[in-house]
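Reviewing the structure listed below.
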Amino acid sequence: MKVSLKGQLFMVKPINSTLTNTLTNIVIKNLANTLSKTFISLALIASFAANSQEQIALTGEIKQGGLLVGKTLAQNTVTLNGKAITVSKAGDYTFGFSRDDKKSYQLVITSVNGDRVEKTLTPEKRSYNIQRIEGIKKSIMQPNPKSVARAKQDSKQVKTARKVASPLNYFAQGFIPPIEGIITGVYGSQRVYNGVPKNPHFGLDYAGKTGDPVKAPASGTVLLWVPDMFYSGGTMIIDHGHGVSSTFLHLSNSYVKQGDTVEQGQVVAAVGKSGRATGPHLDWRINWFNVKIDPALVLKVKPLH
Ligand SMILES: [Zn+2]
């Protein structure tokens, strides 16, 4: 007879039936003791977890590239590894994990009377594919000094926009896909342009035709519209609050301007192929400040409202 407990294997060799019965009884009795201890500790863990769950309401995937949205009392304070996370007037807060995040995070919520609940979050590791892209123009692959300077200026402008920490809390209301195209490129892939390895791809690419309408995935404020950035062409950034922003690349047109308020689903721009693009498509990115988030995971975040 074999009795397996937590990976250990107890073997009971049948010598004669009486001895086997006695041995079986001893094993069963020990097993019962161990199991009851195990059950008690499991029950304790479960009740602790249930308590924490009640007070730490989170939605989103604890994965590399994931965005988490939480809800607590507006007067509570939230920290992630000791750094303060802004809580909205409705009690919403958010944070995210980068493509190669290997850290563990301690999320701590403290009430006004000093009660603390905490949760350890370790983003699940992901593996990313390699995507080869051929036919990029030489002027883009080996830009002249003027273009290099332009690209630097573009990236500075984008970085500045993504630093905005507004009190908007549209990030907590869920996201919709900006167009209904076939997905042709995913987040995280290692990109090889004309055989030369470059930065990973951080957007979600949708196939589309030049002029196809692009909708705001969530409500917000237009932070930036530049029609002709060197790499990303027509580039728009929409602020959804607390550092969460959407960026659209390679656009052919914009129907809104910097500072405009947009509603979720509102047509804000048109698909194009401007900048480093081999054909018309929409590249949609999501950031939490400078942390590049996977838009495909953001689409799965369920609103807590
Ligand atoms: Zn792309």
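Observations, loosely collected:
- The residues of the stretch 199-220 that are part of a loop (DSSP other than H, G, I, E, B) and either surrounded by 23 or more Cβ atoms within 10 Å (Cβ to Cβ) or within 12 Å of the ligand (Cβ to nearest atom) (or both), listed by number, are N199, P200, H201, F202, G203, G208, A216, P217, A218.
- Test: residue in the stretch 237-246 that is part of a strand (DSSP E or B), free of Cβ contacts under 8 Å to residues at least 60 places away in the same chain and either buried (at least 24 other Cβ atoms within 10 Å of the Cβ) or touching an Asp or Glu at 6+ places or on another chain (Cβ under 9 Å) (or both): yes
- Residue within the stretch 221-229 that is more than 18 Å from the chain's Cα centre (by Cα) and within 16 Å of the ligand (Cβ to nearest atom) present: yes
- For A149: the one exception among (1) more than 23 Å from the chain's Cα centre (by Cα); (2) surrounded by 14 or more Cβ atoms within 10 Å (Cβ to Cβ): (2)
- Some residue of the stretch 164-179 being without any contact (Cβ under 8 Å) to a residue 60 or more places away in the chain and loosely packed, with under 12 Cβ neighbours inside 10 Å: no
- Residue check for V158: part of a loop (DSSP other than H, G, I, E, B) and modelled with pLDDT of 95 or more: no
- Filter pass, D92 being modelled with pLDDT of 95 or more, within 27 Å of R285 (Cβ to Cβ), in contact with a helix residue (DSSP H, G or I) (Cβ under 9 Å, 6 or more places away or on another chain) and outside the structural domain of S246 (by TED's automatic domain parsing): yes
- On the stretch given as the stretch 266-285, residues that are away from the ligand (no atom under 13 Å from the Cβ) and either crowded, with 24+ Cβ neighbours inside 10 Å or basic (K, R) (or both) total 2.
- Checking F289 against (1) buried (at least 23 other Cβ atoms within 10 Å of the Cβ); (2) under 22 Å from the mean Cα position of the chain (by Cα); (3) not aliphatic (A, V, I, L, M), the condition it does not meet: (1)
One line per residue, one yes/no per condition, for (1) in the same structural domain as G185 (by TED's automatic domain parsing); (2) within 16 Å of the ligand (Cβ to nearest atom); (3) aliphatic (A, V, I, L, M):
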{"residue": "G233", "(1), (2), (3)": "yes, yes, no"}
{"residue": "M236", "(1), (2), (3)": "yes, yes, yes"}
{"residue": "G241", "(1), (2), (3)": "yes, no, no"}
{"residue": "F248", "(1), (2), (3)": "yes, yes, no"}
{"residue": "L251", "(1), (2), (3)": "yes, yes, yes"}
{"residue": "D260", "(1), (2), (3)": "yes, no, no"}
{"residue": "Q264", "(1), (2), (3)": "yes, no, no"}
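- Flag if A74 is exposed (fewer than 15 other Cβ atoms within 10 Å of the Cβ), in contact with a Gly (Cβ under 7 Å, 6 or more places away or on another chain) and in contact (Cβ under 8 Å) with a residue 24 or more places away in the chain: no
The values are calculated or read from the model by the stated rules, or taken from the named source; none is laboratory data. Being a predicted model, the structure only gives us computed values, none of them experimental. When we count neighbours, we look across all protein chains shown, and the Cβ atoms used for this are built from the backbone with ideal geometry, even at glycine.
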